[in-house]
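Below: one structure, written as structure tokens.
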Amino acid sequence: MSRIGKKPIIIPDGVKVSFQNGLSRIEGPKGIIERGIRPEVKVEIDKDQILVSVKDSSKKSRAFHGLFRSLIANDVQGVTEFYTKELELVGVGYRAEMDGDNLVLQVGFSHPVTIKPEEGINIQVKEQRVSVTGIRKDSVGQMAAKIRSVRPPEPYKGKGIRYLGEEVRRKEGKKAVTAAN
């Protein structure tokens, strides 16, 4: 039995949860998240908590047990408070700005790069920082990874787009060879 899967999920005040026909619907103050539930997993609501269990003891069922417990817990947390990922731009002349809903990055290419956020994702720019927020943890992480992939940090000078607080391992450049006569 999964150690993560057998932990109950506490339902906070103001959150409504329902499971019908293999679909979970979680409503909270920040929004609504719907997610399909695999048939190998059984989800029950007991008073103010959600219990996730497996229908049989097959390897496939046990594999989904902890996964769906984590996904449902992330959804419950997402509808009560936003998930946020922050990125920073490091480099001379690197800029980010908003053009309507779109993010426009100028990161050393001959042209600006425009990124359109997915539905439910909010992007804000403040100085050299880009903040990605939303109620779905996976969508926020995916959008932040998409922004970072435009210009990942390079190991020699450290220029690029990186997550806030990310350590970039630096390499030593080539040494100048002196002529020995």
What is the number of the single condition among (1) in contact with a helix residue (DSSP H, G or I) (Cβ under 9 Å, 6 or more places away or on another chain); (2) closer than 28 Å to Pro117 by Cβ that Gly5 does not meet? (2)
Flagged in segment 1-18 as at pLDDT below 90 and in contact with a strand residue (DSSP E or B) (Cβ under 6 Å, 6 or more places away or on another chain), in numbering order, are Gly5
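Kindly indicate whether Pro153 is within 30 Å of Lys171 (Cα to Cα), in contact with a strand residue (DSSP E or B) (Cβ under 9 Å, 6 or more places away or on another chain), assigned to a loop (DSSP other than H, G, I, E, B) and touching a residue at least 24 places away in the same chain (Cβ under 8 Å).
On the way: within 30 Å of Lys171 (Cα to Cα): yes; in contact with a strand residue (DSSP E or B) (Cβ under 9 Å, 6 or more places away or on another chain): yes; assigned to a loop (DSSP other than H, G, I, E, B): yes; touching a residue at least 24 places away in the same chain (Cβ under 8 Å): yes.
Yes, satisfied.
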Residues of segment 64-88 satisfying the condition of being surrounded by fewer than 20 Cβ atoms within 10 Å (Cβ to Cβ) and among the acidic types (Asp, Glu): Glu81, Glu86, Glu88
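Within the bounds of segment 18-27, is there any residue that is surrounded by 15 or more Cβ atoms within 10 Å (Cβ to Cβ), under 30 Å from Glu127 (Cα atoms) and acidic (Asp, Glu)?
No, the conditions are met nowhere in segment 18-27.
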Single residue of segment 38-81 satisfying the filter (touching an Asp or Glu at 6+ places or on another chain (Cβ under 6 Å) and touching a residue at least 24 places away in the same chain (Cβ under 8 Å)) that is nearest to Ile10 (Cα to Cα): Leu51
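Specify which of the listed residues (Arg129, Arg136, Arg95, Arg151) is within 30 Å of Pro29 (Cβ to Cβ), surrounded by 14 or more Cβ atoms within 10 Å (Cβ to Cβ) and not assigned by TED's automatic domain parsing to the domain that holds Ile26.
Arg136
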In segment 132-146, is there at least one residue being in contact (Cβ under 8 Å) with a residue 24 or more places away in the chain, more than 14 Å from the chain's Cα centre (by Cα) and under 20 Å from Gly165 (Cα atoms)? no
Quickly run through segment 139-150 and pick out the residues that are in contact with a strand residue (DSSP E or B) (Cβ under 7 Å, 6 or more places away or on another chain) and either among the small types (Gly, Ala, Ser) or not in a helix (DSSP H, G or I) (or both). Ser139, Gly141, Ala144, Val150
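The values are calculated or read from the model by the stated rules, or taken from the named source; none is laboratory data. As the structure is a prediction and not an experimental result, all values here were calculated from the model. Please note: Cβ atoms are built from the backbone with ideal geometry, for glycine as well, and neighbour counts cover all protein chains shown.
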